[in-house]
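Have a look at the structure below before the remarks.
Nothing in this text is a laboratory measurement; each read-out follows from the coordinates by a stated rule. For clarity, every value in this text was computed on a predicted model and none was experimentally measured. Every residue, glycine as well, gets a Cβ built from its backbone with ideal geometry; the counts of neighbours run over all protein chains shown.
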2 protein chains.
Amino acid sequence: MSGWLKIVGLGPGSEAMVTPEVTAVLQEATDVVGYVPYVNRVAPRAGLVRHGSDNREEIRRAEQALQLALEGHRVVVVSSGDPGVFAMAAAVFEALEAGDAQWRALDIQVLPGISAMLAASASVGAPLGHDFCCINLSDNLKPWALIEKRLRLAAEADFAMAFYNPRSKARPVGFERTLEVLREACGPDRLIIFARAVSTPEESVLVTTLGEATPDMADMRTLVIVGSQQTRLIERSGSPLVYTPRSAD
Amino acid sequence: MSGWLKIVGLGPGSEAMVTPEVTAVLQEATDVVGYVPYVNRVAPRAGLVRHGSDNREEIRRAEQALQLALEGHRVVVVSSGDPGVFAMAAAVFEALEAGDAQWRALDIQVLPGISAMLAASASVGAPLGHDFCCINLSDNLKPWALIEKRLRLAAEADFAMAFYNPRSKARPVGFERTLEVLREACGPDRLIIFARAVSTPEESVLVTTLGEATPDMADMRTLVIVGSQQTRLIERSGSPLVYTPRSAD
């Protein structure tokens, strides 16, 4: 039997956003590997072993997946959202580069998913409708000074911005500082969107301004989007729409 | 009959990347509106009118879709990739804001799709695995000076970069200039990926360096990705893998 490894994205939560190609490889898999809550999104069945592991165990998890594939298993590594955006694909390639030379000969494929930033953007309109950047606000794997430098340059470039991992119990201070830096660079009237658990039963979306935003509006399930200078809000009877026009001066 | 408007993404080309929720609304639609090649991706059937229009007619197309929904039609506006990334969602909201006040009361929803940048990234590994930006290189709707400013600031921030609309017959010079700016800012050894028509039968993917890159490697069907300083290439017997590690100094 010839093994393979597929690194796939399950999308933000709704089964209606899982692509058919991801559903198909999950049906062919002998092993599913990932962070426990994501592995639990794959229904158990005969012939499928589900290997759930903890957060921050990405490299060990990647090594396990590569080794299973080398032994002939059909292995799917699952991430939420898209596997290539702050998720398992980079971890698998880090492990591959540093590990067993035989792993390089494996049949490996990445299957994209609906990323949290695209789902969050869609939930309010089109705030990422023009040039934008995407920053992981966790300083677990990079210095805070680099995050702050990128925030200031992104504001100077007038990008819309999507932020992953804004705030956790272990990092309560960084997002407060992020809001301070952005208020200074972009002013208090700039639009900010807190999109939590989009496409799940717990979805909640809040549109406000940097002047009104407080750190407790975000947690680890929140995708935060900050508009550019051009980003506009359309009032209507229901929830407002937010979009960034296609043109800029 | 109560009309509605859904602005959806068909993904980069493969039917296996169209989400189930998009497939479902296409089955309920009375009208599909979009650029001719994208409308042609929706199979004809009784009860469905397909309204194809030309490139650069986005606002007129958006107005048509809004008006049809107001008249009680079930309207799907289709984009390739994701509708919120340099596609029809922003155009619809521009038309909505400027147009008939009754349009604001419509039932409007954006359904995300697999964007070209996510599909391109997946095709080579995970080059967008860490902080990145996404820039439309067309200067049809913004001045070239703003594009160049964003390129320089993105290089200074050490973002990986994804570029849409790199080059067309009407704009042969901009991408040549883009490569010059990036060679100056990032050096000749920086990795660059030309991912053309990913997930279609015409797919071709080229991995090279800024020093070796030439403008004719891109056309309007090409998504270009430039790595950050951290982006790495893994050689192996087949095509190489490119990824950006999760950590940075």
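Tabulated data for the structure shown
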| quantity | calculated |
| --- | --- |
| Lys/Arg +1, Asp/Glu -1 at C-beta; the range A:1-140 dipole; positive extreme among A:Ala87, A:Gly3, A:Gly13 | A:Gly13 |
| Average other protein chain Cβ within 10 Å of Cβ, residues A:140-147 | 3 |
| Averaged over B:79-89, number of beta-carbon atoms from partner chains that fall within 10 Å | 6 |
| Centroid-to-centroid separation of the range A:1-76 and the range B:1-70 [C-alpha atoms, Å] | 33 |
| Contact order normalised by residue count of the range A:160-214, Cα under 8 Å, 6+ apart, percent | 30 |
| GNM top mover of B:Val77, B:Val124, B:Val224 - chain B, alpha-carbon springs below 10 Å | B:Val124 |
| Candidates A:Ser237, A:Ser53, A:Ser228: whichever shows maximal mean-square fluctuation once chain A is modelled as a Gaussian network with Cα springs under 10 Å | A:Ser237 |
| Nitroxide proxy distance, nm - points 7 Å out along Cα→Cβ at A:Val49 and A:Arg236 | 5.2 |
| Percent RCO, i.e. relative contact order, over chain B, from Cα pairs under 8 Å lying at least 6 residues apart | 20 |
| Value of [θ]222 nm, deg cm²/dmol, for the protein assembly as shown, DSSP H segments ≥ 4, -39500 (n - 2.57) each, nearest 500 | -8500 deg cm²/dmol |
| Dipole moment magnitude, nearest 20 debye, chain B about Cα centre, only Lys, Arg, Asp, Glu C-beta charged | 200 |
| Under the span-like rule (Cα at least 30 Å along the axis, Kyte-Doolittle mean at least -0.5), DSSP H helices of chain A | none |
| Other protein chain Cβ atoms within 10 Å, averaged over every residue that makes up A:15-22 | 6 |
| B:Ser204-A:Asp249 pseudo-label distance in nm [points 7 Å out on the Cα-to-Cβ vector] | 4.3 |
| Burial order of peptide ranges B:196-207, B:97-108 (average beta-carbon count within 10 Å, highest first) | B:196-207, B:97-108 |
| Cysteines having no other Cys beta carbon under 4.7 Å from their own, within the protein assembly as shown | A:Cys134, A:Cys186, B:Cys134, B:Cys186 |
| Positive dipole terminus of the range B:117-243, leading residue within B:Gly125, B:Ser239, B:Leu141 (C-beta point charges) | B:Leu141 |
| Selection of trypsin sites (Lys or Arg not before Pro), the range A:42-87, meeting DSSP coil and at most 15 other Cβ within 10 Å | A:Arg45, A:Arg56 |
| Stretchable slack from B:Asp219 to B:Glu156, in nm (0.36 nm times residue separation minus alpha-carbon distance) | 20.0 nm |
| Student exercise, the range A:124-249 dipole from Lys, Arg, Asp, Glu Cβ charges, in Debye to nearest 20 | 280 |
| Extension reserve of the A:Asp139-A:Glu28 stretch, reckoned as 0.36 nm per residue once the Cα distance is removed | 36.3 nm |
| Rel. contact order, % - alpha carbon contacts under 8 angstrom, at least six apart, the range B:4-114 | 43 |
